[in-house]
Amino acid sequence: MDREEQVEKFGQLIQKAVLEDPVKARKILINACRIQQAGSVLPSSKVSPSHRYASRQITSTMVDALSSPEKSAMVSIFIPSEPLNVAGITPFSVEALSGFLGGVHAEQVFLDAAEEDGASKTLCSFHRIFHGAMGSGVVPNPKMLIYTNLACDANMTSFPYLINRFKIPSFFVEVPYERSEDAVQHVAGQLREMVTFISDVSGKKITDNMLQEAMQRSHRTSEYYLEHLKYQADHAMKSDIASELYAVFTGHIMMGTKKAETYARRMLSDIKKAKGNDAIRLVWLHMIPFLQPSANKYLSFTDRARIVACDLVYDSMMHIDPTNPYEAMAHRMVYSCYNGDYKLRAQRAQQVAEQTKADGIVVFAHWGCKGTLGASALFKRDFEEAGYPTLILDGDGGDPANCSDGQMATRFGAYLEMLEDRR
């Protein structure tokens, strides 16, 4: 039995155990994560060393969150995690954990549990999976929950529900829609309160020196990533579609850690040594549907097409002043490409597309994400006016039932053929 077959088997065992013994299901999930972690140690000609390293670290984070909930915090992916990381609290996001549940093919039982518990089918599937996982008892209650209104409208439904149901200590960060230095100061003030909240709940003192050191690491992580973008046009790292998600989580829930900095530094080293190829270069907006066979067919271990940048990664990668940690974290939230008018996100995508010599832009219209769905037609208009052929790819990154894989394969294949013909 190979590793993929083992993971599939674990998924079946998890789904069977959920209703009978949630704690047993949790232990099976932890073991599945550890098998994946062990497999990433093995050398592979298909995956770059930095991606294997990231896989190990992210899986380790999930194991820590599941096995030591008293030292974990459920967060929105856009919450600055440096204060949690320096306090020894493991941050984990809805998207990260739900992605792992999908990765071991156990998502359906949690989607069903969420529906039975009253969750709307129009809610983001990642939030529905997490809703079901916590409601069923498979995911233990974390020490605290921290969330924000930035980018994800589902946060404003799922977090309040979980807070009220499980009575978990929580903190909310409100980010103004308009970008300004006044907004930065407003958010910085809230982040100071957030740090006090984390210290009070965890019993861990967080000093300004600790935060400055973490922000220095975040600064270097961002600089490594931004430098690596310069090589994406002419260098191609070996990876699969799941590898593209590693930077999403290292660039958010792991920011400020030595692990995130090491990954970014190794990724820069790997791409410098990588050879180029003739693959179609794509800038990708929003979640990457790593569960879909058609997406894997066109984007995993192939020289036909590759993702050169994803806006869920570069949104947090910006030049900051680490000597002022609260303002630096606030600046990253206020000036995220996900905050404000859609045009700001479109402009940033065009800048990245120009830098990486992208052939086209894909807007993944993820089921339940009102922000991206509502702006998708506007993105397409603006990108194509700027000379970038754009595909609006309808689908669901967490629930395969909301996506016709055959239709996705047809549309994605035709799009790539069109880009190849343009060359």
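The values are calculated or read from the model by the stated rules, or taken from the named source; none is laboratory data. Owing to the predicted nature of the structure, the values given are computational and were not obtained by experimental measurement. Cβ atoms come from the backbone with ideal geometry, glycine included; neighbour counts cover every protein chain shown. Keep in mind that these areas ignore ligands, DNA and RNA; they rest on the heavy atoms of the full protein, side chains included. Shrake-Rupley method; radii C 1.70, N 1.55, O 1.52, S 1.80 Å.
Figures for the structure shown
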{"item": "The lone exception for Glu227 - which of (1) assigned to a helix (DSSP H, G or I); (2) open to solvent by less than 30 Å² (accessible area, probe 1.4 Å); (3) touching a Leu at 6+ places or on another chain (Cβ under 7 Å) it fails", "result": "(2)"}
{"item": "Restricting segment 151-200 to residues that are farther than 30 Å from Gly118 by Cα and among the β-branched types (Val, Ile, Thr), the residue that is surrounded by the fewest Cβ atoms within 10 Å (Cβ to Cβ)", "result": "Thr196"}
{"item": "Search result, residues across segment 367-396 that are of a type in the set (D, E, K, R) and either modelled with pLDDT of 95 or more or touching a Lys or Arg at 6+ places or on another chain (Cβ under 6 Å) (or both)", "result": "Lys380, Arg381, Asp382, Glu384, Glu385"}
{"item": "From Thr410, Thr372, residue being open to solvent by 10 Å² or more (accessible area, probe 1.4 Å), part of a helix (DSSP H, G or I) and in contact with a helix residue (DSSP H, G or I) (Cβ under 9 Å, 6 or more places away or on another chain)", "result": "Thr410"}
{"item": "Residue within segment 333-352 that is in contact with a strand residue (DSSP E or B) (Cβ under 6 Å, 6 or more places away or on another chain), within 26 Å of Glu107 (Cα to Cα) and of a type in the set (A, V, I, L, M) present", "result": "no"}
{"item": "When residues of segment 375-396 are limited to those that are assigned to a helix (DSSP H, G or I) and in contact (Cβ under 8 Å) with a residue 24 or more places away in the chain, the one surrounded by the fewest Cβ atoms within 10 Å (Cβ to Cβ)", "result": "Leu378"}
{"item": "Failed item, numbered, when Trp367 is tested on (1) open to solvent by 10 Å² or more (accessible area, probe 1.4 Å); (2) farther than 30 Å from Glu115 by Cα; (3) among the hydrophobic types (A, V, I, L, M, F, W, C)", "result": "(2)"}
{"item": "Boolean, Asp399 is modelled with pLDDT under 95, of a type outside the set (Gly, Ala, Ser) and either open to solvent by less than 70 Å² (accessible area, probe 1.4 Å) or within 30 Å of His186 (Cα to Cα) (or both)", "result": "yes"}
{"item": "All helices (runs of 4 or more DSSP H) inside segment 92-148 with 3 or more residues being farther than 19 Å from Ile58 by Cα", "result": "107-116, 125-135"}
{"item": "Check on Met317, surrounded by 21 or more Cβ atoms within 10 Å (Cβ to Cβ), outside any helix (DSSP H, G or I) and out of contact with any Cys (no Cβ under 9 Å at 6 or more places or on another chain)", "result": "yes"}
{"item": "Qualifying position, being at negative phi, open to solvent by less than 10 Å² (accessible area, probe 1.4 Å), within 25 Å of the chain's Cα centre (by Cα) and of a type in the set (Gly, Ala, Ser), among Ala242, Ala236, Ala214", "result": "Ala214"}
{"item": "Residues satisfying the stated conditions in segment 230-252, i.e. acidic (Asp, Glu) and either more than 11 Å from Ala274 (Cα to Cα) or outside any loop (DSSP other than H, G, I, E, B) (or both)", "result": "Asp240, Glu244"}
{"item": "Test: Ile361 is more than 30 Å from Pro83 (Cβ to Cβ), β-branched (Val, Ile, Thr) and buried (at least 16 other Cβ atoms within 10 Å of the Cβ)", "result": "yes"}
{"item": "Test: residue in segment 125-142 that is more than 20 Å from the chain's Cα centre (by Cα) and closer than 22 Å to Pro80 by Cβ", "result": "no"}
{"item": "Flag if Lys275 is part of a helix (DSSP H, G or I), out of contact with any Lys or Arg (no Cβ under 6 Å at 6 or more places or on another chain), open to solvent by 10 Å² or more (accessible area, probe 1.4 Å) and among the basic types (Lys, Arg)", "result": "no"}
